[in-house]
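The values are calculated or read from the model by the stated rules, or taken from the named source; none is laboratory data. Here the structure is a predicted model, which is why all the values come from computation and not from measurement. No Cβ is skipped: glycine too gets one built from the backbone with ideal geometry, and neighbour counts run over all protein chains shown. What goes into the accessible areas is simple: the full protein's heavy atoms, side chains included, and nothing from ligands, DNA or RNA. Shrake-Rupley method; radii C 1.70, N 1.55, O 1.52, S 1.80 Å.
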There are 4 protein chains.
Amino acid sequence: MAHHPHAFLPGASKRLEALSDGVFAIACTLLVLEIEIPEFEKDTSLTQQWMEFCHAQLPSLLAFIFSFLNILIFWVNHDAINKVIARYDTKTTYLNIIFLLFISLIPFTTAFLRNNIDSFLANACYGLVLCLASTVAVWMYHHLAFKAKLFLPEVTMASRKRVYKQVISGPFLFLIAIGAGLLSNYISIVIYALTPISFMFLPQLDFDSKEEEIKKEHNE
Amino acid sequence: MAHHPHAFLPGASKRLEALSDGVFAIACTLLVLEIEIPEFEKDTSLTQQWMEFCHAQLPSLLAFIFSFLNILIFWVNHDAINKVIARYDTKTTYLNIIFLLFISLIPFTTAFLRNNIDSFLANACYGLVLCLASTVAVWMYHHLAFKAKLFLPEVTMASRKRVYKQVISGPFLFLIAIGAGLLSNYISIVIYALTPISFMFLPQLDFDSKEEEIKKEHNE
Amino acid sequence: MAHHPHAFLPGASKRLEALSDGVFAIACTLLVLEIEIPEFEKDTSLTQQWMEFCHAQLPSLLAFIFSFLNILIFWVNHDAINKVIARYDTKTTYLNIIFLLFISLIPFTTAFLRNNIDSFLANACYGLVLCLASTVAVWMYHHLAFKAKLFLPEVTMASRKRVYKQVISGPFLFLIAIGAGLLSNYISIVIYALTPISFMFLPQLDFDSKEEEIKKEHNE
Amino acid sequence: MAHHPHAFLPGASKRLEALSDGVFAIACTLLVLEIEIPEFEKDTSLTQQWMEFCHAQLPSLLAFIFSFLNILIFWVNHDAINKVIARYDTKTTYLNIIFLLFISLIPFTTAFLRNNIDSFLANACYGLVLCLASTVAVWMYHHLAFKAKLFLPEVTMASRKRVYKQVISGPFLFLIAIGAGLLSNYISIVIYALTPISFMFLPQLDFDSKEEEIKKEHNE
């Protein structure tokens, strides 16, 4: 009799996590390459240098900090979910790859928006990539928590639903941010800044001790 | 008495996987650096910006998505094979290094083809790197599954052969794609796009429970 | 009854370390991209080439070596602390992310200072990023060692305090270096060079064997 | 009583390996960024394109392949040594960091030599970085195998010496290559190409089964 235990083999999830960590680390560090390095002329005073720096580098630095934190808040939640996964299936792997595709586009959309701070197109591109990344993340969460049931069985259904109710708001908030760009890009940017903060404080997944005990008894 | 148990030591394969994951993660993320960041002039309308974007960035974005998925489908299969490897030998290590060499050339050939979409030479370079990468991958698979027999012994010979029959088509499909470029590069591109999709659905390697039981008895 | 054992799950800290290692590795390797690659004209003599190299590449090379070692001495201490951590909490995760933000800015500030070796602004930026990185590192140490008590319980309180007394000097030394830039940037650079050396020889954290024994008895 | 068991803690060596793998992966993948991406004019024939490609890209591609393999043969030996290390000390950590410093300079020296194929200075820089990297590697090997005795005790002293005798030749071969550049850079390049090949076939470290058995008895 043949069976397919790929995903159950030890190390099944380790490499998907290693690849993801690599892409996250590179995406957030590459951002620094987009900051132009200033070269002051010989006779400029400190005040002139400061004004030049504020005009040319400060927007880039703010965009860098902004997107760096954005990418790593995605990472924190990616990590939190991965801690309670019992095993992966093929669908999770491909959803994760598409998620990484959007994460690795963030350095491009960041530089695009910084260069064209008043352009609705640049703003919409920035928002769209975040919207698509969070949509795929929500899809992945739904698949793992409810459809394929790949979480550790001890994670309570109530807490799975509580987390789901909050993460589902992500894509909509980014869509609202894109729409707000029709009024002013600065309203969009405020929403882009506040949305990740709301994802810093997701409700935690609870572990049911009873189920844990039942499982232990079962194993004995 | 002296023996050579290098490859059997714990962690023997972990670092080859870590290096590979690193190269995969960098190769697919570096692609984004090849996309030129647009800078619109002050007075351009949204329509003008959109047309400029479609003309200058959209081909780059499509090339990015295309090669990103191409690289990571190689990764998925690299990962699937590594899960059933019992141990590495020196030949596998060097084949893996040459495989990584071709993977890390993909960002270059992607940018080359995008800049010269009508050039047969650029198209042939793109196809050749994919062809060589998949040739080395097939060679590595053949070595691990049949010649040096480094797979877990429970993996059935029938399923090893079934997978081999499909992966062997890879290099030939890429060669056909290069040839098709003599007619039109767009035919090549369709084949480049379809080939990885066929590798998303490789038959799985089966585990023989009987052999597993025999082995368990043997160990007791 | 529900509890929150996230941080206790196996692998809880592994990925934060993997992400950090990725950012450290990229930050120190990206530095090399900032060195301009010379292209000598056909008829230049070896002496002319050497003088051109000394003028154009040598400052970049020195800046590269300098910041490479700076980043990796931060890594050595990051690694030393992580070895004695029993578990992570959310605060440590976010402090670590902000720490990585400053580490990944070092390639920018290095290139900024190299291009403008006489500019107080460039010097202050270089020092400020190091000062902020070490401030967050000290904060993280304080949180782990004293406030949240997340170190292994065997690590003696006396040695925790001994290490703290030395690391607390870091941010102040970098502030003094910035101030010294008002006199001469070269004084600052000497302080930037000496400060990491002082962090190469931090007192080690001691393990109390008695506590270890008590704990063992307690567990039995 | 207090002791210093840092290096004995689980995971002590994992992160040094993870950092090293990251730097190796980035150094060899960054090389591809140094290859200029051709953009052919509209009316050029295939023959013209091919000649332009051979003139502008082929030297870069050869330099890429060359240094990629050079870096990863260093990695193979780094990996082989790490497999038999029982634990790390501070000196090994710092030698490893300096070793990584030279590895991460290889993308720069590769591009420098490619741009100035006839320059003795570029050739000497390329050779010097390889010479210094292998000198630090030999120093690290000597420290681990003989001085601090950090290898697994089962590794026979005879095989440790056999490997040492071969690796010690590395720095001298690279020095000879630099000297040969006074005659012709092409002689140097042949030596640069042959030296890593000689490191592909280092004698293996043997394990003494008797000592292993003695140790087992000792532990019982």
### Message
Label position 7 Å from Cα toward Cβ: report the copy-to-copy distances for A:Leu62 in nm, one decimal, ordered from shortest.
### Response
3.6, 3.6, 5.1
### Task
Subtracting the Cα-Cα distance from 0.36 nm times the residue separation, let me have the gained length for D:Glu36 to D:Ile65 in nm, one decimal.
8.9 nm
### Query
Taking both sides together, what accessible area is buried at the A/C interface, probe 1.4 Å, expressed in Å² and rounded to the nearest 100?
3700 Å²
### Stokes-Einstein diffusion coefficient of the range C:71-185, Kirkwood radius over Cα pairs, 20 °C, 1.002 mPa s, in µm²/s
141 µm²/s
### Query
Sorted by packing (mean other beta-carbon atoms within 10 Å per residue), highest first, where do D:187-197, D:62-72 land?
D:62-72, D:187-197
### Query
Applying 1/(1 + (r/R0)^6) with R0 = 60 Å to the Cβ-Cβ distance of A:Ala148 and C:Leu58, what FRET efficiency is obtained, to the nearest 0.05?
0.55
### Task
Search the structure for amide H atoms under 5 Å from the amide H of A:Phe151, placed 1.01 Å from N in the peptide plane, and list their residues when 5 or more places away or on another chain.
A:Ala86
### Message
Among B:Phe99, B:Phe146, B:Phe120, which one shows the highest mean-square fluctuation when chain B is modelled as a Gaussian network with alpha-carbon springs under 10 Å?
### Response
B:Phe146
### Task
Calculate how steeply helix D:209-219 sits against the longest principal axis of the alpha-carbon atoms of chain D, using the helix alpha-carbon long axis, and give the answer as 0 to 90 degrees to the nearest 10.
50 degrees
### Task
For the range D:111-146 and the range C:56-109, write down the distance between their C-alpha centroids in whole Å.
26 Å
#### Entry: Tally of Lys pairs whose C-alpha atoms are under 17 Å apart, taken over the range C:1-160, 8 or more apart or cross-chain
5
### Query
Along the positive direction of the dipole of the protein assembly as shown (beta-carbon charges: Lys, Arg +1; Asp, Glu -1; about the Cα centre), which of A:Ala111, C:Phe112, B:Ile73 reaches farthest?
B:Ile73
### Task
Binning at 5 Å from 0, report for the range B:102-141 what percent of all alpha-carbon pair distances ends up in each bin.
6, 28, 27, 19, 11, 6, 3
#### Entry: the range D:129-194, Rg to Rh (Cα coordinates; Rh as Kirkwood inverse mean 1/r)
1.13
### Nitroxide proxy distance, nm - points 7 Å out along Cα→Cβ at B:Ala158 and D:Phe172
6.0 nm
#### Entry: Accessible surface of the range A:85-220 [probe 1.4 Å, protein heavy atoms]: carbon and sulfur percent
68 percent
#### Entry: Extreme residue, positive dipole direction of chain B, given options B:Pro153, B:Asn96, B:Val163 (C-beta unit charges)
B:Pro153
### Task
Distances from A:Ser184 to the same position in the other copies: list them in nm, one decimal, shortest first, using label points 7 Å from Cα along Cα→Cβ.
5.0, 5.0, 7.1
### Query
Roughly how crowded by other chains is peptide D:40-52, in terms of the mean Cβ count from those chains within 10 Å of each of its Cβ atoms?
2
## Note on the structure
For the range A:5-144, dividing by residue count, accessible area per residue (probe 1.4 Å) in Å² works out to 35 Å²
### Task
Mind giving me the FRET efficiency for C:Leu194 and D:Ala86? R0 is 35 Å, r the Cβ-Cβ distance, nearest 0.05 is fine.
0.55
### Task
Show C:Asp43, C:Asp118 ordered by accessible area, largest first, where the area counts protein heavy atoms only and the probe is 1.4 Å.
C:Asp43, C:Asp118
### Query
If you project the alpha carbons of the range C:1-144 onto their three principal axes, what span does each projection cover, largest first, in Å?
81, 30, 20
### Query
How crowded by other chains is A:54-64, given as the mean number of beta carbons from other chains within 10 Å of each beta carbon?
1
### Ranking by accessible area, most exposed first, for D:Leu150, C:Leu61 with a 1.4 Å probe
C:Leu61, D:Leu150
### Per-residue HN-Hα couplings for the range D:146-158 [Karplus 6.51, -1.76, 1.60; θ = phi - 60°; Hz; x = Gly/Pro]
10, 7, 8, 6, 9, 6, 4, x, 6, 5, 5, 5, 4
### Query
Where does the protein assembly as shown land at 222 nm, in deg cm²/dmol rounded to the nearest 500, when only DSSP H runs of n ≥ 4 count, each adding -39500 (n - 2.57), divided by all residues?
-23000 deg cm²/dmol
### Label distances, nm, C:Glu41 versus same residue in remaining copies, Cβ-directed 7 Å point
2.5, 2.5, 3.6
#### Entry: Highest-first arrangement of A:50-60, B:171-181, where packing means the average Cβ count within 10 Å
B:171-181, A:50-60
#### Entry: Using alpha carbons only: equivalent-ellipsoid semi-axes of the protein assembly as shown, gyration tensor based, whole Å
38, 35, 35
### Per-residue mean of C-beta atoms belonging to partner chains within 10 Å, peptide C:100-109
5
